[in-house]
Amino acid sequence: MPLDGGHSGTLSHMPWPFPDPPETPVLADAQLIDGTDDIYLVQRTADGQWRFRSPDHLHADAGALAATTLGDIAKRHPLILQVASLDPGHDAWRPPEADGWATAPAPQGPTHFLQFEGLPNPDNAEHAEFGGAFINCWVRAHSLDEALAIAAADIEATGWTIGEPLEAYAIERADYTDDQQTAIEQFDQAQIDGEVYEFNTYPLDERGMDDDE
């Protein structure tokens, strides 16, 4: 959901827009404090604390963040004035070159990796294009059962039918090796979006799931 961009992104000649005073302690990546990187993600925790993340350091543990003040980070990165109304328990992000911010409730719970085999439904245009797909899922949820339910609902809403999970377990970023960059990127994106799905399709002549039509 887009956020109101009513503030132009400058501290001069305007009232302080945040609900917290400028001297409020906040956490940020060091690259944001020294001005060598831009803010990609703004996190406001359920108890109202602020965190600011750069695009290249989203995977860093919160313990690696440095302390600064809300006023200092706003002075260095005035575009965050546009997200001053961010509700507790929500995230806001602004991809490079984007016109504005988007916001959503912050994903909750650990990340789970799931894999299904799926078939496009007969009324899905992809039914005439693909035999099926192996669907990798990264889902943040409070439990494995919740992650499975979320993934099943999301995938079926796109017009695919899935079988029983081929893989299903909680995973951490440290479980990946350096040569698994694509999976690491998907994991990192799930920390923001909550769910990421990767459809690895195969041809019609390899229709799967026991050749179920």
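Take residues that are buried (at least 21 other Cβ atoms within 10 Å of the Cβ), in the same structural domain as Asp188 (by TED's automatic domain parsing) and more than 25 Å from the chain's Cα centre (by Cα) and tell me which of the strands (runs of 3 or more DSSP E) falling wholly in the range 109-169 contain 1 or more.
Numbers: elements: 111-120, 132-140, 160-162.
Passing ranges, in order: 111-120, 132-140.
Can you tell which of Thr177, Thr182 is under 30 Å from Tyr40 (Cα atoms), of a type in the set (Ser, Thr, Tyr) and part of a helix (DSSP H, G or I)? Reasoning before the result, please.
On the way: Thr177 fails: part of a helix (DSSP H, G or I).
After ruling out the rest, the residue left standing is Thr182.
Rundown of residues vs (1) farther than 18 Å from Asp188 by Cα; (2) at pLDDT below 95; (3) among the basic types (Lys, Arg), yes/no style:
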| site | (1), (2), (3) |
| --- | --- |
| Ser8 | yes, yes, no |
| Asp29 | no, yes, no |
| Leu32 | yes, yes, no |
| Asp38 | no, yes, no |
| Leu58 | no, yes, no |
| Gly71 | yes, no, no |
| Pro96 | no, yes, no |
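The values are calculated or read from the model by the stated rules, or taken from the named source; none is laboratory data. No experiment lies behind these values; they were computed from the predicted model shown. Here Cβ is always computed from backbone atoms with ideal geometry, including for glycine, and neighbour counts include all displayed protein chains.
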